[in-house]
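Peer 1: Would you mind keeping the following structure in view while I ask a few things?
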């Protein structure tokens, strides 16, 4: 097993699902798209469902197929819906609910469905994100057309907030009011009414028109914005570690990494760590700090595909020493948000960018319960 490894605390996933359910007083649709934000879709899905989540959500039909092939029988919502008739047939065969917002996409699902196996849809309305969903002015009419299609069962109505992660939540509240007006005009209410993702749950709390929330990032213990960090008690689930591969003492002026864009200003020590952009550590991480012995050591020179170099001058560092990319060490801590700031991005991208070649180790009660590796896939212990 390589020294660069990710650990996922499934107890944290469970605690976060419970905390989100309590904060919103609503059922949880746990978003596990993009391989559960880089955490591993199957183990996270199982844990979320065991912890009270009522449904899962993914982006694509293929992601839904992965869950079904992994033995997940719970309701699954495909947020991008079907692209063509083959997609629609797969969704119908596997009982995947699909987002729809226009009659053409809904007709695909109707064609693929049968009386014994109806198409399950969640109708999406655009209340202000201007991304996907029926325009608000057309939404009631479109919903009526879709309800009239044969073998189509509308089980959900939903929208998505545009600015819920902003300190000024006034537009999110306006979107909620628009969505509420639509729901009241839509006639018979279906099983699922949902609007809030992680930011909306933290910012707006209980939303009486809705009976469900759709958190993604918060399931993994990451706050959608700094000012929302204390609204819901969350525990980060992911830590990312490696180990020093080589240490070398070099004279002043020595160039480090490709292009020699960094040169040591004085005699110093360079520690090489086997993690790079091929593992998901962005090339923009140059200058970011990693922890060795509880001390923050900066990445110097260009980030390579498989390696980075740290300036370990004036530090006692040796080959084999643990390196923390995300996590805690000797009382010091580096979060996904810290790394995101160093890279000029957001925590969502940091965790979803971690590649499959980085082994993942899953823990419950401090014990390893599963592995996920490039060669072996997901393997419960």
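Peer 1: Taking the stated definitions as given, is residue 131 surrounded by fewer than 21 Cβ atoms within 10 Å (Cβ to Cβ) and touching a helix residue (DSSP H, G or I) at 6+ places or on another chain (Cβ under 9 Å)?
Peer 2: When the stated conditions are applied, residue 131 does not pass them.
Peer 1: Sort out which residues of the range 288-331 are touching a helix residue (DSSP H, G or I) at 6+ places or on another chain (Cβ under 6 Å) and farther than 15 Å from residue 274 by Cβ, and write them in order of number.
Peer 2: The answer is 288, 302, 326.
Peer 1: Say whether the condition of being in the same structural domain as residue 244 (by TED's automatic domain parsing), within 18 Å of the chain's Cα centre (by Cα) and exposed (fewer than 15 other Cβ atoms within 10 Å of the Cβ) is met by at least one residue in the range 349-356.
Peer 2: no
Peer 1: Need pairs with beta-carbon distance below 8 Å; first residue outside the structural domain of residue 58 (by TED's automatic domain parsing) and within the range 170-199, second buried (at least 18 other Cβ atoms within 10 Å of the Cβ) and at pLDDT 95 or above; sequence gap 6+ or separate chains.
Peer 2: Qualifying pairs under 8 Å: none.
Peer 1: If I filter the range 148-162 for residues that are in a helix (DSSP H, G or I) and either in contact with a helix residue (DSSP H, G or I) (Cβ under 6 Å, 6 or more places away or on another chain) or assigned by TED's automatic domain parsing to the domain that holds residue 215 (or both), do I get at least one hit?
Peer 2: no
Peer 1: Kindly provide the set of residues from the range 8-40 that are without any contact (Cβ under 8 Å) to a residue 60 or more places away in the chain and within 15 Å of residue 364 (Cα to Cα), ordered by number.
Peer 2: 14 - this is the single residue of the range 8-40 that is without any contact (Cβ under 8 Å) to a residue 60 or more places away in the chain and within 15 Å of residue 364 (Cα to Cα).
Peer 1: Moving on. When residues of the range 166-206 are filtered for being under 23 Å from the mean Cα position of the chain (by Cα) and assigned to a loop (DSSP other than H, G, I, E, B), how many remain?
Peer 2: 8
Peer 1: Right, another one. Would you point out which residue out of 377, 320, 327, 331 is surrounded by fewer than 19 Cβ atoms within 10 Å (Cβ to Cβ) and in contact (Cβ under 8 Å) with a residue 60 or more places away in the chain?
Peer 2: Result: 320 is the single residue among 377, 320, 327, 331 that is surrounded by fewer than 19 Cβ atoms within 10 Å (Cβ to Cβ) and in contact (Cβ under 8 Å) with a residue 60 or more places away in the chain.
Peer 1: Another one. Going by the structure shown, is residue 280 surrounded by fewer than 21 Cβ atoms within 10 Å (Cβ to Cβ) and either more than 23 Å from residue 333 (Cβ to Cβ) or at pLDDT 95 or above (or both)?
Peer 2: Answer is no for this residue.
Peer 1: Among the residues of the range 216-275, how many are within 30 Å of residue 368 (Cα to Cα) and in contact (Cβ under 8 Å) with a residue 12 or more places away in the chain?
Peer 2: Qualifying residue count, the range 216-275: 29.
Here's the yes/no breakdown for (1) over 29 Å from the mean Cα position of the chain (by Cα); (2) in a loop (DSSP other than H, G, I, E, B):
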{"residue": "223", "(1), (2)": "no, yes"}
{"residue": "230", "(1), (2)": "no, yes"}
{"residue": "249", "(1), (2)": "yes, no"}
{"residue": "265", "(1), (2)": "yes, yes"}
{"residue": "271", "(1), (2)": "yes, no"}
{"residue": "290", "(1), (2)": "no, no"}
{"residue": "298", "(1), (2)": "no, no"}
{"residue": "309", "(1), (2)": "no, no"}
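Peer 1: Can you confirm whether residue 344 is touching a residue at least 12 places away in the same chain (Cβ under 8 Å) and more than 28 Å from residue 34 (Cα to Cα)?
Peer 2: no
The values are calculated or read from the model by the stated rules, or taken from the named source; none is laboratory data. Note that the coordinates shown come from a computational prediction; the quantities given were computed from them, not determined experimentally. Every residue, glycine among them, receives a Cβ derived from its backbone with ideal geometry; neighbour counts consider all protein chains shown.
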